[in-house]
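Q: I have a structure I would like to understand better, so I am pasting it below and will then ask my questions one at a time.
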Amino acid sequence: GENVEQHPSTLSVQEGDSAVIKCTYSDSASNYFPWYKQELGKRPQLIIDIRSNVGEKKDQRIAVTLNKTAKHFSLHITETQPEDSAVYFCAASRGNQGGKLIFGQGTELSVKP
Amino acid sequence: NAGVTQTPKFRILKIGQSMTLQCTQDMNHNYMYWYRQDPGMGLKLIYYSVGAGITDKGEVPNGYNVSRSTTEDFPLRLELAAPSQTSVYFCASSPRGGVTFQETQYFGPGTRLLVL
């Protein structure tokens, strides 16, 4: 079955710096890759997603890149702000399996003022 | 729209007890999911449903059961609770299908379960 590895597990940056979180997946048939942000004690919330027919997607300060050949995708956050501090999860799914998401282990991002 | 709602918010169970975690969505989504999140870990899929009357196992189904009699409700049943089931349980729904084929999963607020 699918396996998603996420790195790093913790990331500390200064406000205004960029942050990059990387994920690799094992199932070449996976075709949907969302990123979720989870604040302490709260539910996961989708921040950006990408499909396998697209190499890059951007939404203001957040971007995701996908390399299907290498089976990895990354989250890029520019101009980080303290409110970006949270745990970020990547996930992968195959379109023909009910949308089941396989999640990475999470990255705790800390943005220091 | 209330979105995805879950009850209870928090529960303490004794080993061997049973309980049902409730999940309801008012977005008319066909797809619904149950995940568990252990401390400091990612989410693991327990069960999912692609429509009323249809359910299937996820990554970690042992010790749980589900049913889906309506589009709105997707309860998760724990039989014979064990300490290993101490976790935060999240229900999610998705509008998958249709013209736009939107895959976003919308999560409920979670149920924190402690088994002692």
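Q: Based on the alpha carbon coordinates of chain B, what radius of gyration and maximum Cα-Cα distance (Dmax) apply, in Å?
A: In order Rg, Dmax, the Cα atoms of chain B give 13.7, 47 Å.
Q: Can you tell which of A:Gly41, A:Gly55, A:Gly16 shows the greatest fluctuation in a Gaussian network model of chain A with Cα springs below 10 Å?
A: A:Gly41
Q: Let me ask something else. B plus A alone minus the pair: what accessible area, both sides summed, probe 1.4 Å, in Å² to 100? Please list the in-between numbers first.
A: On the way: alone 6320 and 6470 Å², together 11050 Å².
In total, this chain pair buries about 1700 Å².
Q: Considering only protein heavy atoms and a 1.4 Å probe, what is the carbon-and-sulfur percentage of the accessible area of chain B?
A: On the way: 2920 of 5480 Å².
It is 53 percent, rounded to a whole number.
Q: Over chain B, what is the percentage of antiparallel beta bridges among all DSSP beta bridges, to the nearest 5? Working shown, then result.
A: Numbers: 32 of 36 bridges.
Of those bridges, close to 90 percent are antiparallel.
Q: Could you go through the range B:8-21 in sequence order and give the Karplus-derived ³J(HN,Hα) for each residue, using 6.51 cos²θ - 1.76 cosθ + 1.60 with θ = phi - 60°, rounded to whole Hz, and x for Gly and Pro?
A: x, 7, 8, 8, 10, 10, 8, 3, x, 6, 10, 7, 10, 8
Q: In whole Å, what three semi-axes, largest first, describe the equivalent ellipsoid of chain A built from its Cα gyration tensor (square root of 5 times each eigenvalue)?
A: Numbers: eigenvalues 113, 41, 28 Å².
Equivalent ellipsoid semi-axes, largest first: 24, 14, 12 Å.
Q: Compute the distance in nm between two label points, each set 7 Å from the Cα along the Cα-to-Cβ direction, one at A:Gln81 and one at A:Ser18.
A: 2.0
Q: Here's another thing I want to ask about it. Could you compute the net charge surrounding A:Glu15? Neighbours are other residues with a C-beta less than 14 Å from the C-beta of A:Glu15; K and R count +1, D and E count -1.
A: Details: positive: A:Arg61, A:Lys112; negative: A:Asp17, A:Glu79, A:Glu83, A:Asp84.
Net of charged neighbours comes to -2.
Q: Could I ask something else about it? Pairs of Cα atoms under 8 Å, at least six residues apart: use those to get the relative contact order of chain A, whole percent. Before the final figure, lay out the partial values.
A: Numbers: 282 pairs, mean separation 41.4, N = 113.
37 percent.
Q: Using a 1.4 Å probe on the protein heavy atoms, what percent of the accessible area of chain A belongs to carbon and sulfur? Show your work: numbers first, answer last.
A: Details: 2510 of 5570 Å².
That share works out to 45 percent.
Q: Once you average over the residues of A:43-55, how many Cβ atoms of partner chains fall within 10 Å of each Cβ? Mind dumping the intermediate values first?
A: Details: counts 13, 10, 2, 5, 0, 0, 3, 0, 2, 0, 0, 0, 0.
Per residue, the average neighbour count from other chains is 3.
Q: How crowded by other chains is B:34-43, given as the mean number of beta carbons from other chains within 10 Å of each beta carbon?
A: Taking all residues of B:34-43 together, the mean is 4.
Q: Count charges around B:Asn1 for me, please; just the other residues with Cβ under 15 Å from its Cβ, Lys/Arg as +1, Asp/Glu as -1.
A: Values: positive: none; negative: B:Asp26, B:Glu72.
With Lys, Arg at +1 and Asp, Glu at -1, the net is -2.
Q: Continuing with the same structure: Just to confirm my numbers, what's the Cα centroid distance between the range A:63-110 and the range B:25-40 in Å?
A: If we compute the Cα centre of each part, the gap is 18 Å.
Q: Follow-up. List the relative contact order of chain B as a percent without decimals, with contacts defined as Cα pairs under 8 Å and 6+ residues apart.
A: Details: 306 pairs, mean separation 40.0, N = 116.
Averaging sequence separation for qualifying contacts and normalising by length gives 34 percent for chain B.
The values are calculated or read from the model by the stated rules, or taken from the named source; none is laboratory data. These numbers come from a predicted model, not from an experiment. Don't worry about glycine lacking a Cβ; one is built from the backbone with ideal geometry, like all the others, and counts go over all protein chains shown. Surface accessibility is based on the protein's heavy atoms, side chains included, excluding ligands, DNA and RNA. Shrake-Rupley method; radii C 1.70, N 1.55, O 1.52, S 1.80 Å.
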